[in-house]
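Step one of this worksheet: look at the structure below.
The values are calculated or read from the model by the stated rules, or taken from the named source; none is laboratory data. All values derive from a computational prediction rather than experimental measurement. Backbone-built Cβ (ideal geometry, glycine too); neighbour counts: all protein chains shown. Keep in mind that these areas ignore ligands, DNA and RNA; they rest on the heavy atoms of the full protein, side chains included. Shrake-Rupley method; radii C 1.70, N 1.55, O 1.52, S 1.80 Å.
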Amino acid sequence: IVPSGLDATKELTDKLHDQNIPFILLDSYMAELKPLSFVGQDSENSGYFAAKILMLIAAQEKEIMLMKQMKNGQLASKQQENREVGFKKYMKKHFPKVKILELDLPLDEDKNEYDGILDDFFSKHPNIRHCITLCSKAHIVGEYFLKNNKNMQIMGYDMVEKNAVCLRKGSISFLIAQHAFMQGFYCVDILFKSIVLHQEVKLLNYMPIELLTKENVDFYRRTQL
């Protein structure tokens, strides 16, 4: 299960508990749901790491852009929320004077409207040179820059194909990857060990925080089996 909001996910997991059906959480760990196990990154630590890498190249900037994916006025996932906590914790500690300009891209918005939203943002903030998004949609900004010949440093998450294309073309500078394929494999493996072999399994199974660039993306393997 990839949880969204706590209340909505709990409606499902309460029914699973009532029927003694074990489940594993992916991406976001919510202790209140009492899963058999969790597989994913330490999201807060990942956001802290993302800020640290971004500021290696943006240390002289006065402003940076944070693009957020929203749903019904809230962050689209708990994972984004946790990453943002870590990101802002690093910025507050090490770069408190850098202004974080937030841009919300609503999930329920017509995707054709995104270019207009980005046009408006960059016309108001022409000095922005560095952008980060803590979700898998960095390609929205990356594709916009390719179409408009803008030179920006973009950092995002997840080795999805559209992100990989932008990374190879240079409109995205960095991606943080988390081996989604391996996460799925480990979930089934954990269920097998618990249910079939009756082995004790670990509650928290953290995936590595991996940094991809144009130079190493083609050597990133979807599996390490």
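Assuming a ≥ b ≥ c are the square roots of the Cα gyration tensor eigenvalues, decide whether region 78-150 counts as rounded (a/c under 1.5), prolate (otherwise, with a/b larger than b/c) or oblate. Judged from the Cα gyration tensor, region 78-150 comes out oblate (a/c at least 1.5, b/c at or above a/b). Note that region 140-154 has calculated 3J(HN,Hα) couplings of 4, 6, x, 5, 4, 5, 5, 5, 10, 6, 9, 9, 9, 9, 10 Hz, one per residue in order, obtained from phi through the Karplus relation 6.51 cos²θ - 1.76 cosθ + 1.60 (θ = phi - 60°); glycine and proline are x. Restricting attention to the chain, close to 20% of DSSP beta bridges with both partner residues there are antiparallel. The C-alpha atoms of the chain define a longest principal axis, and helix 43-57 lies at about 20 degrees to it.
Database remark: amide H of residue 68 closer than 5 angstrom to the amide H of 103, 104, 105 (H placed geometrically; neighbours at sequence offset of 5 or more, or on other chains; Pro and chain starts carry no H). The angle separating the long axis of helix 78-94 from the principal Cα axis of greatest extent in the chain is about 50 degrees.
How big is the shadow of the Cα convex hull of the chain, averaged over all directions, in nm²? Please report the intermediate quantities before stating the final value.
Details: hull surface 54.3 nm².
Mean projected area for the chain: 13.6 nm², to one decimal.
The share of accessible area on the chain that comes from carbon and sulfur is 51 percent, using a 1.4 angstrom probe.
Highest-first packing order for the peptide set 46-53, 14-21, 32-39, 60-67 is 46-53, 32-39, 60-67, 14-21, based on the mean count of other beta carbon atoms within 10 Å.
Given the Cα-Cα distance of residue 56 and residue 34 and 0.36 nm per residue of separation, how much length would full extension add, in nm? Show your work: numbers first, answer last.
Working: separation 22, 0.36 × 22 = 7.92 nm, distance 3.82 nm.
Going from the current span to full extension adds 4.1 nm.
Report summary: the helix-based calculation at 222 nm, which adds -39500 (n - 2.57) for every DSSP H run with n ≥ 4 and divides by the residues of the chain, gives -12500 deg cm²/dmol.
Taking the Cα centre of region 19-94 as the origin, how large is its charge dipole in debye, to the nearest 20, when only Lys and Arg (+1) and Asp and Glu (-1) carry charge on their Cβ atoms? If you can, show how the numbers build up before the last one.
Numbers: 11 positive and 8 negative charges, 39 e Å.
Dipole about the Cα centre, nearest 20: 180 debye.
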